[in-house]
1. What is the percent of Cα-Cα separations in region B:224-316 that go past 18 Å?
2. Calculate the tail of P(r) for region B:15-101: the fraction of all Cα-Cα distances greater than 19 Å, expressed in %.
3. Of all trypsin sites (Lys or Arg not before Pro) in region A:174-246, which ones are in loop regions per DSSP and have a Cβ with at most 14 other Cβ atoms within 10 Å?
4. Relative contact order (percent) for region A:209-284, with alpha-carbon contacts under 8 angstrom and 6 or more residues of separation?
5. To the nearest µm²/s, what D does Stokes-Einstein give for region A:65-208 at 10 °C and 1.306 mPa s, using the Kirkwood radius over alpha carbon pairs as Rh?
6. Per residue, how big is the convex hull of region B:129-213 when only Cα atoms are used? Give it in Å³.
7. Determine the per residue accessible area of chain A with all protein chains present and a 1.4 angstrom probe, expressed in square angstrom.
8. Using only Cα atoms, locate the centre of region B:69-110 and the centre of region A:263-289, then give the distance between them in Å, rounded to an integer.
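The values are calculated or read from the model by the stated rules, or taken from the named source; none is laboratory data. As the structure is a computational prediction, the values presented were derived from the model and not from experiment. Note: ideal-geometry Cβ built from the backbone for every residue, glycine included; neighbour counts use all protein chains shown. Remember, those area values only see protein heavy atoms, side chains included, never the ligands or the DNA or RNA. Shrake-Rupley method; radii C 1.70, N 1.55, O 1.52, S 1.80 Å.
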Amino acid sequence: MSLTLLTQQLINALSLGSIYALLALGLAVVFSVLGLLNFAYGEIVTVTSYGVVLCVAAGAPLFLAVVVGFTLGALTSLVTEAVAFRPMRRAPAYAVVFSSFAVAVIIQATIRNVISPRPQGIAVPAWLDRVLSLGTIRVPVLSLITIAIAAVAMVALSALLQRSRHGIAMQAAAQDFQATRLMGAKAGNLIRLAFLISGVLAAVAGLLWVMRVGSATPGMGFTPLLQAFVAVVLGGLGNLRGAVAGGFALAFLEVSLQVFLPNSLVPFVQAITLTLIIVLLYFRPHGFGRRVEGRLA
Amino acid sequence: MNRWSTLRLRAAAVTFAALAVLMLVVGVVGETMLGRSDQRVVVEFLLTAGMVIAIQCFVGNSGIISFGHVAFFGLAAYGTALAAIPADVKTDALPALPDSLASLELGLIGAVGVGVLVVTVFAVATGAPFSRMDVSVVPMATLAWLVVIHAVINRWNGLTGGPTGISRVPDLVGVPQALVTVLFITAVALLYGASPWGLRLQAVREDPVAAASLGIPVALTRFIGWMVSAVLMAVGGGMWALNALAFSPAQFFFAETFALLAMLVIGGLGSVTGAVAGAAAITVLSQLLRDLENGLSIGTLSLPALPGIIQLATAVLILGVLIWRPGGAFGNREIGDLLPRGGRVK
């Protein structure tokens with residue numbers, strides 16, 4: 001393979017990895033505080049996408065559509081917390097898996113009935129659709145923007161967790177929830193903050209995702225959910241740096257399989273990726289990052 | 001925990017007897033009083049109840065949620081159907097099949113046996129990693145496993161017919177066969193739950209560290225539960241295929257997983273009785289809402305189709321039950337425990 005093609009695929013993997021990393025971060029933030037995975041997480045991506053797609057279709061400027069999408073995404077996360085997590089505070093962990101799963105199904109069925117079961121396309125602005133030519137290398141503008149936005153979001157998250165009072169409280173909660181409460185932090189607020197951060201991260205990822213795939217469907221949240229899970233598990237549960245690394249690792253694995261596998265096997269890329277990951281987890285049942293209790297950032 | 005407990009065996013026997021009576025009533029009513037198309041619903045219910053019990057066998061005793069059992073369902077259905085479909089139909093519909101498979105033409109037991117064999121191989125391959133994983137990761141891993149199997153049966157056109165699926169499966173299963181199947185699954189599940197292996201798995205569920213300190217091999221115990229559960233799932237899934245006559249890969253994916261798990265959660269994760277009750281509740285709910293989902297017209301009044309209304313109702317029901325009673329309607333209780341002198345031991 002030529003160097004040009006290699007560079008192009010590298011940028012492709014980096015931009016896909018940025019989205020996966022954001023998704024994984026959002027899932028891991030909640031896990032680090034509560035020790036629970038949110039199975040309605042993919043629906044944040046779905047709701048954000050529909051917000052953006054419908055606003056653009058109604059003729060709103062992109063900026064407004066993005067604001068609407070982000071607000072809806074964050075709200076979805078907070079509502080999930082209120083409906084599926086808060087009433088289950090004393091229930092066993094599996095109850096939350098099912099309750100969040102039920103919330104996901106409710107959101108999907110609602111979209112099917114209220115909007116449409118069919119895909120809703122988005123007219124991506126022309127400047128986003130352009131492809132830059134740097135010498136022989138052709139780079140889509142969207143890939144560069146994706147990488148940039150994801151980098152900004154990650155720096156912002158890191159600053160929030162390390163510099164702000166609430167962020168430090170969240171780090172403390174990841175280490176020892178009970179002790180943090182004894183220090184005066186309110187448990188409910190901490191958990192809501194975690195879901196808010198999670199919702200915003202997923203909304204950013206959702207915006208980039210819908211631009212990439214070009215349409216919104218009721219069941220679209222499933223793939224981002226699964227990729228976020230895989231990335232988080234690869235990086236070691238509750239380890240935010242691991243989650244980012246896991247996201248990039250997953251994207252590189254997928255893109256390289258797509259490039260190097262013979263054409264007849266390309267439809268099976270996802271199946272092969274997941275099988276490889278299950279095999280990897282057989283040898284490293286706890287993922288590759290250290291399972292760090294309490295190191296958030 | 002190394003010997004069979006007579007107390008537990010007796011409790012299991014009482015529960016089995018009670019459930020058997022209920023199922024027999026359903027079966028006899030279905031066989032004698034209903035037409036052929038309603039009988040299919042009865043068969044579907046009995047086999048679905050059997051598959052929910054099969055899932056309960058692992059999920060209930062281990063406390064680990066599996067999204068992957070529907071993959072076993074699909075593998076068993078395809079394995080059984082491919083072994084049972086007459087050779088001339090197969091050469092016509094699936095010309096790319098290898099000769100050994102294309103000429104295979106087995107009866108009920110043989111065909112289901114093929115399905116069980118296929119599932120056993122894959123259950124060993126998945127059980128080995130899953131039983132060692134961190135418990136909070138297993139649901140994700142089983143979900144990944146479901147996606148893998150769905151992708152393979154959806155895209156391997158030469159073997160499975162691809163997205164359009166398989167048709168002209170011989171009609172070998174009626175109410176009597178389904179009844180025997182579900183009674184068999186119930187018996188094995190109750191026996192397993194009362195056995196030393198089932199008891200050990202329950203101990204691991206409650207406290208893995210304490211269980212390990214008592215000398216219980218945690219991974220092996222989970223593995224055995226996974227295998228028993230997968231094989232029972234295969235029996236139910238294989239029989240299902242011989243009643244369904246035609247099916248496609250889409251039927252072995254998310255919606256089915258959600259439906260089966262909903263039955264389990266609503267009835268109660270820890271109980272075989274709960275699995276049956278949940279299956280009954282969701283079957284009735286789906287039958288009631290079916291017309292609404294497809295759009296209804298009464299005289300001049302016509303309601304629009306409401307896609308996914310059954311799923312929506314099921315999801316709301318799950319949330320309600322979990323908030324009301326996180327353990328599901330029956331919790332850890334069996335029907336035998338509710339009968340006088342049932343010998344409650346848990």
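1. Working: 2508 of 4278 pairs.
The proportion of pairs with Cα distances above 18 Å equals 59 percent.
2. Working: 2269 of 3741 pairs.
For region B:15-101, the fraction of Cα-Cα distances above 19 Å is 61 percent.
3. Values: sites: A:Arg181, A:Lys186, A:Arg192, A:Arg212, A:Arg241; in loops: A:Lys186.
Sparse-neighbourhood loop trypsin sites (Lys or Arg not before Pro): A:Lys186.
4. Taking the mean separation of contacting Cα pairs over the length of region A:209-284, I get 18 percent.
5. On the way: Rh = 18.2 Å.
It comes out at roughly 87 µm²/s.
6. Values: hull volume 12.3 nm³, N = 85.
Roughly 144 Å³ of hull volume per residue.
7. Working: 12560 Å² over 297 residues.
For chain A, the solvent-accessible area averages 42 Å² per residue.
8. 28 Å
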